[in-house]
């Protein structure tokens, strides 16, 4: 009788812990994939948080205000509203005697004004640029992000718009989530840009969620899997199948892959696996003493040379 009673207590404890874990994961997933409209400060990166702040974040999730454009292009530009899975806003900056157009896609928590410094360098190389706010960011519709999954459709919408204007030389540039969205778009839809330039894409959605827990000095099992499950339920997709390493196998155009060797969000192993799966003309450049950041800050000269060399090789193909 006593044994039976103890088993019942153990069962209640286990069931309670399981329910609590799922509740925490549910709210974490929602906050991670839905930006808020408040103007409070965004939660700092894990390495900048105190132990108390990390514990608070682990229990209550991140503070994630909707990213807002912080500046405008210094050049003459046109604002476009394109209808995709959501209405998205873009800036089109044309240059005289353009060699083509490069479409720029920002990373998680970013918006199109964060890509202006790179747009400026592409303009200097003789290319027009198109900067895109993914859904939920900047002046695009909604407050949701799917970390590159649904954003892939917005990549296609942007590409199709330019193609319909008669543009032949279209390059796609993306950093982090933007790179992942490009890879998924090409894998799913078989669009054929002149080439793609992708910076620090993660290898799989599960891996990147695990990395976030590790950066908080918290065990990733089982919370990472549970969080990914609820994130998929809330956003209508199976997060465990969101794998850029697999998308790489279906890339059909020349690819320049860029990575910072000190990146704590994406491992070198993930980058090497993606690179190995690319079956096209490809190049990998690694920047020393560089993390998950804007590569222009520490590697401007090398970055411009890598971009210029890649474009010069592919522009005539």
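The values are calculated or read from the model by the stated rules, or taken from the named source; none is laboratory data. Computed from a predicted structure; not experimentally measured. Backbone-built Cβ (ideal geometry, glycine too); neighbour counts: all protein chains shown.
When we screen 302, 273 for residues that are touching a strand residue (DSSP E or B) at 6+ places or on another chain (Cβ under 8 Å) and more than 16 Å from residue 171 (Cα to Cα), the only hit is 302. The sole residue among 274, 226, 304 that is part of a helix (DSSP H, G or I), assigned by TED's automatic domain parsing to the domain that holds residue 18 and in contact (Cβ under 8 Å) with a residue 12 or more places away in the chain is 226.
Quick one: is residue 313 out of contact with any helix residue (DSSP H, G or I) (no Cβ under 7 Å at 6 or more places or on another chain), under 18 Å from residue 177 (Cβ atoms) and part of a helix (DSSP H, G or I)? When the stated conditions are applied, residue 313 does not pass them. Residue 148 passes every criterion in (1) in a loop (DSSP other than H, G, I, E, B); (2) more than 25 Å from residue 310 (Cα to Cα) apart from (2). Among the candidates 191, 186, 196, 182, the residue that is crowded, with 20+ Cβ neighbours inside 10 Å, outside any helix (DSSP H, G or I) and modelled with pLDDT of 95 or more is uniquely 196. Exactly one of (1) at pLDDT 95 or above; (2) outside any loop (DSSP other than H, G, I, E, B) is unmet by residue 214. Its number? Looking at each condition in turn, residue 214 falls short on (1).
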